[in-house]
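For reference, the structure is listed below as structure tokens.
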Amino acid sequence: MELKLKKLDDNRYELDVRGNVCPFPQIFTELALKEVGDAILEVITDNPPSARDIPVVFEKKGYRVEKKKEENYWRLIISGSD
Amino acid sequence: MSELEEITLNLGEISKFMWRYSLGRDSGMESLHFLRIKIPAGRIKVEELFEIAEISKEYGRGYAEITDRQDIQLHWIDSNRALEIFEKLYRLGYTTDLCGQAFSSACHGDVRNIAVCPLSGKINDFDVAEHAIKLTEFFSGNPDFIDLPKKFKIAFTACGTDCVRAGINDLGMIGVERDGERGFTPLIGGGIGATYPGPSLGKHMPVFVPEERVFEFVKAVVEIHRDYSSRESKAKARFKHLVASWGVEKIRETVEDKIGELEDFEGLPPLKFSAHKSSGKQINGLHYLTLPLIGGILDAEKLEKIAELSEKYGSGEIRLTTTQNVIFVDVEDLNALKSELERHFKIYDGDAFYNSIGCASNFCGKTKDVHAKDMLRRLLEVAGELGVENEVLIYVSGCHNACGCHHVAPFGLAGKLIRRDGEIIQGYDFYIGGDIAKLKMGKLYRESLTSDEVVEVFREIVMRYKSSGKSLKEFLEGL
């Protein structure tokens, strides 16, 4: 099984994990961050517990996370760890 | 698209966990996630019980509870360590609920742990567990059944009682015999949560499903839920809504279109509720013994002790009940087991301690103090004081989602927040007169009581009942 990280621009990727139950959006985010290096990662999830957890978990790890509600999903914009 | 515009993430070993495992959302007791481990047919070997106790100690602060669908539920699970836990469960052969209810739309419902008479095969030789186990293996992680409009609950019993609350399952399979042949006659569309069309009791589909057709029958019914239940909104997505819209006859016709004709079977057998309490003789001459647990609350040390005692006095198998208790089976020396249990557990006297249930509202965050399980404990104490512990049955839900099945008990409570003296505090609605085995819904007796008022009202009802000269059932009907 695999997931695709879509390149949005030179320094930005998008990971769409809609339809996945908790804690898989968080687990996939962890995997994706290892792949994108210093680039910004935008995670799309429609799973409320994951939308709650991802900012907390990755801010603890030193990332900045911006959370935006868009229609019936969240966009979590994660940028470089300090 | 060039290679540079897309990165492929290989999920490797993680793939084996997908659609078989999830964490549920907690919002109370400082717990963020629960882990609801499905125990197929509620049967667990001591080796596995020891392992779950270890998982509880390492990941769940040593706490555990038995749910009213025979799962073992842990709390305080750290999502960062979920894969470690899933790997341990995978090795044990266990899966979890998918907990898709967190989504805002009607999707990712799964088949929940299939409830089974906990003494099936021990007090009769019609063992229904094999059906539940085969169906669990089929539905768990099956890509065709992981995106139901909403969860689907199934129960089997054939002991002559309704020990699984069949009538509040989406599909309750009641064991029957017809001309010497064993099979089931189903109740469909039960569900007492607040979603459309409101709390509903199962309706009898008057057919006979012989044992060899159980798998295809259940699969067909779940497919009908998957394909025809509403996906318009979560509130309309339970199977009970489809049953109410279509009617039993149309559901039957649709099942028969899929699997062929089913024979008629009129007359649902009369059932009584049973929690398979205390102890009794099995058909093999050995005994079972039920350990009552208020609200199903345990901890890792107690799980280990249960496993140890089962190894020492029984066959090394434990059975979990839908009233949140534990049953030791194949016990030879009942008195020795009883006396050793008394050293480690509080053994309550009275049916109410075996029959009653309370949901985990303290963890899901639906209640403030007094929580559902604590409210249950208080009322059980009062029942003991008043000497009616063998007569009452109490179900407590923390909210109107009815996880504690409050509608179908003689005494049922549903939590809600109420305003008193300008403050928002925990309150309860008080229901009376429900009877799951008779498919009778309770009625709302008093609304918006504080926990102290609940106790007062309970006392008052019991005192009036005791001087009435009537049976409790007659008395509650007259209130």
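On the stretch given as the range B:18-35, residues that are more than 8 Å from every other protein chain (Cβ to nearest Cβ), under 26 Å from A:Met1 (Cβ atoms) and either aliphatic (A, V, I, L, M) or open to solvent by less than 40 Å² (accessible area, probe 1.4 Å) (or both) total 3. In this structure, B:Asp97 qualifies as out of contact with any helix residue (DSSP H, G or I) (no Cβ under 6 Å at 6 or more places or on another chain) and open to solvent by less than 40 Å² (accessible area, probe 1.4 Å). Being aliphatic (A, V, I, L, M), open to solvent by less than 30 Å² (accessible area, probe 1.4 Å) and within 22 Å of B:Thr157 (Cβ to Cβ) holds for only one residue in B:Leu262, B:Leu268, and it is B:Leu262. Filtering B:Ala41, B:Ala102 for residues that are away from chain A (no Cβ under 14 Å), open to solvent by less than 50 Å² (accessible area, probe 1.4 Å) and small (Gly, Ala, Ser) leaves a single hit, B:Ala41.
Conditions (1) surrounded by fewer than 20 Cβ atoms within 10 Å (Cβ to Cβ); (2) modelled with pLDDT of 95 or more, marked per residue:
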{"position": "B:Phe411", "(1), (2)": "no, yes"}
{"position": "B:Gly427", "(1), (2)": "no, yes"}
{"position": "B:Ala437", "(1), (2)": "yes, no"}
{"position": "B:Arg464", "(1), (2)": "yes, yes"}
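Residue check: B:Phe208 meets all listed conditions (1) crowded, with 21+ Cβ neighbours inside 10 Å; (2) of a type in the set (A, V, I, L, M, F, W, C); (3) not in a helix (DSSP H, G or I) but one, namely (1). Residues of the range A:32-51 that are in a helix (DSSP H, G or I) and buried (at least 18 other Cβ atoms within 10 Å of the Cβ): A:Ala32, A:Leu33, A:Val36, A:Pro49, A:Ser50, A:Ala51. If the condition is being away from chain A (no Cβ under 14 Å) and of a type in the set (Ser, Thr, Tyr), then the range B:44-61 contributes only B:Ser56. In the condition set (1) assigned to a strand (DSSP E or B); (2) open to solvent by 50 Å² or more (accessible area, probe 1.4 Å), B:Glu253 is compliant with all but (1). Screening B:Ala64 with (1) in a strand (DSSP E or B); (2) within 14 Å of another protein chain (Cβ to nearest Cβ); (3) among the hydrophobic types (A, V, I, L, M, F, W, C) gives one miss only, at (2). Which is in contact (Cβ under 8 Å) with a residue 40 or more places away in the chain, open to solvent by 10 Å² or more (accessible area, probe 1.4 Å) and at positive phi, of B:His131, B:His108? Being in contact (Cβ under 8 Å) with a residue 40 or more places away in the chain, open to solvent by 10 Å² or more (accessible area, probe 1.4 Å) and at positive phi holds for just one of B:His131, B:His108, which is B:His108. Of all residues assigned to the range B:86-95, at least one qualifies as being within 12 Å of chain A (Cβ to nearest Cβ) and either in contact (Cβ under 8 Å) with a residue 24 or more places away in the chain or not in a helix (DSSP H, G or I) (or both). Within the range B:326-344, at least one residue is small (Gly, Ala, Ser) and either open to solvent by 30 Å² or more (accessible area, probe 1.4 Å) or touching a residue at least 40 places away in the same chain (Cβ under 8 Å) (or both). Tallying residues that are aliphatic (A, V, I, L, M) and open to solvent by 40 Å² or more (accessible area, probe 1.4 Å) within the range B:439-462 yields 3. Among the residues of the range B:167-205, those that are farther than 16 Å from B:Asp435 by Cβ, touching a helix residue (DSSP H, G or I) at 6+ places or on another chain (Cβ under 8 Å), open to solvent by less than 20 Å² (accessible area, probe 1.4 Å) and part of a loop (DSSP other than H, G, I, E, B) comprise B:Asp170, B:Gly189, B:Met205. Looking across the range A:11-54 at every residue that is without any contact (Cβ under 8 Å) to a residue 12 or more places away in the chain and farther than 20 Å from B:Asn10 by Cβ, the one that is farthest from the other protein chains (Cβ to nearest Cβ) is identified as A:Arg52. Of all the listed residues (B:Leu289, B:Leu298), the sole one being within 17 Å of the chain's Cα centre (by Cα), over 30 Å from B:Pro210 (Cα atoms) and in contact (Cβ under 8 Å) with a residue 24 or more places away in the chain is B:Leu298.
The values are calculated or read from the model by the stated rules, or taken from the named source; none is laboratory data. Keep in mind that this is a model prediction, so the values were computed, not measured. No Cβ is skipped: glycine too gets one built from the backbone with ideal geometry, and neighbour counts run over all protein chains shown. Only protein heavy atoms, including side chains, enter the accessible area calculation; ligands, DNA and RNA are left aside. Shrake-Rupley method; radii C 1.70, N 1.55, O 1.52, S 1.80 Å.
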